[in-house]
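**Q** The structure is given below, and queries will be raised subsequently.
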Amino acid sequence: MSKSRRVAASALITAAALALTACGSGDPATTGGGSKAVAKPAALPTRDVVSDVRPDRAAVALLPADLRKGGTLTLATAVGGAPPGTSYLPDGKTLVGQDIDFADAAARTLGLKLKREAAGFETILPALDSGKFDLGVGNFGVTDERRKVIDFVTYINDGQGFAVRKDSKLGKVTDLTQLCGLNVATGAGTTFEATLDAAKKLCAAAGKKDYRVQTYADSAALWGSLQQGRSDVVMSTINGLRFAVEQQPGLRFLNEFHRLDVGFAFKKGTPLAPAFRAAVNQLIKDGTYRRILKKWGTVPSGIGESRISPPEIK
């Protein structure tokens, strides 16, 4: 069965983005009470906010010499998240999302062309080190552990949050021990998975049963696990969670847990970082940056200045 047919067969359609990026479990989506919870696909914003961007001479001058006259970079794009994450339009070919707009705008500011390749979130960072890609986007949070092997150029602030079914008794999560004994769904290879794995020992120390971390490679399966009661809570990006719960009946955004800077990812020691930082700062200055944020409904996540591999927000 083709990907588009498999997705259409699933009753868990959270948005047009989810419907065309990964197939769900195939089971009918239900709320905790057993009633069907089918959401009407949301129209993805497609208005053009970047085509007017022109090269900035000062930013271009920071590029390596061989790229200053219309060079091409290979961009790895993580696909499969709910908007504002990268998703396919109904044609099954065109990628849209906040990361797409930021990458395109930065490339235009530098007079560069992008060869875009869709890739799994968990495969992009290792592939940067091997030289397969020049840069990657996928809402990559800047952590101290990642900074050891990856260079980042920040362009937004997002972070970690939680969502549950509306019938959940779980309140605002301020300490991960509140999750003890629960099934927690999250994306594979993400900072959420790393955070949860590192904190599991806290449950035993508190004399409580460990929580179970359930990882998923695509969003449709992740949300299906919550809707159908196989998981009790989802940990994911703040902006992605807010969008997803608006599209699905029976769910609610619980709270923000921890903010992180998000950046373009590069191989450690890349000479591209200063140029991309200058490009992002130019986009902030000329207003393109805010137009992208407004398009995707993420104005509260905007930053005042781009930085290269800043320390993790604690």
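The values are calculated or read from the model by the stated rules, or taken from the named source; none is laboratory data. For clarity, every value in this text was computed on a predicted model and none was experimentally measured. Here the Cβ positions follow ideal geometry from the backbone for every residue, glycine too, while neighbour counts run over all protein chains shown.
**Q** So which helices (runs of 4 or more DSSP H) stay within the stretch 208-314 end to end and still have 3 or more residues that are in contact with a strand residue (DSSP E or B) (Cβ under 8 Å, 6 or more places away or on another chain) and crowded, with 22+ Cβ neighbours inside 10 Å?
**A** By residue number, 219-227, 238-247, 273-286.
**Q** Quick one: which residue in Gly85, Gly92 is within 22 Å of the chain's Cα centre (by Cα), surrounded by 15 or more Cβ atoms within 10 Å (Cβ to Cβ) and not β-branched (Val, Ile, Thr)?
**A** Only one candidate passes the filter, namely Gly85.
**Q** Condition (residue is out of contact with any helix residue (DSSP H, G or I) (no Cβ under 6 Å at 6 or more places or on another chain), among the small types (Gly, Ala, Ser) and either on the phi < 0 side of the Ramachandran plot or assigned to a loop (DSSP other than H, G, I, E, B) (or both)) applied to the stretch 179-188: is it met by at least one residue?
**A** yes
**Q** Between Gly136, Gly181, Gly187, which is in contact (Cβ under 8 Å) with a residue 24 or more places away in the chain and outside the structural domain of Asn239 (by TED's automatic domain parsing)?
**A** Step by step, each of Gly136, Gly181, Gly187 is checked, and only Gly136 is in contact (Cβ under 8 Å) with a residue 24 or more places away in the chain and outside the structural domain of Asn239 (by TED's automatic domain parsing).
**Q** Taking the conditions exactly as written (surrounded by fewer than 22 Cβ atoms within 10 Å (Cβ to Cβ), in a loop (DSSP other than H, G, I, E, B) and in contact (Cβ under 8 Å) with a residue 12 or more places away in the chain), does Asp197 satisfy them or not?
**A** When the stated conditions are applied, Asp197 does not pass them.
**Q** Moving on to the next point. Given (1) over 28 Å from Arg54 (Cβ atoms); (2) of a type in the set (Lys, Arg); (3) not assigned by TED's automatic domain parsing to the domain that holds Ala220, where does Arg230 come up short, assuming only one miss?
**A** Only one criterion is unmet by Arg230, namely (3).
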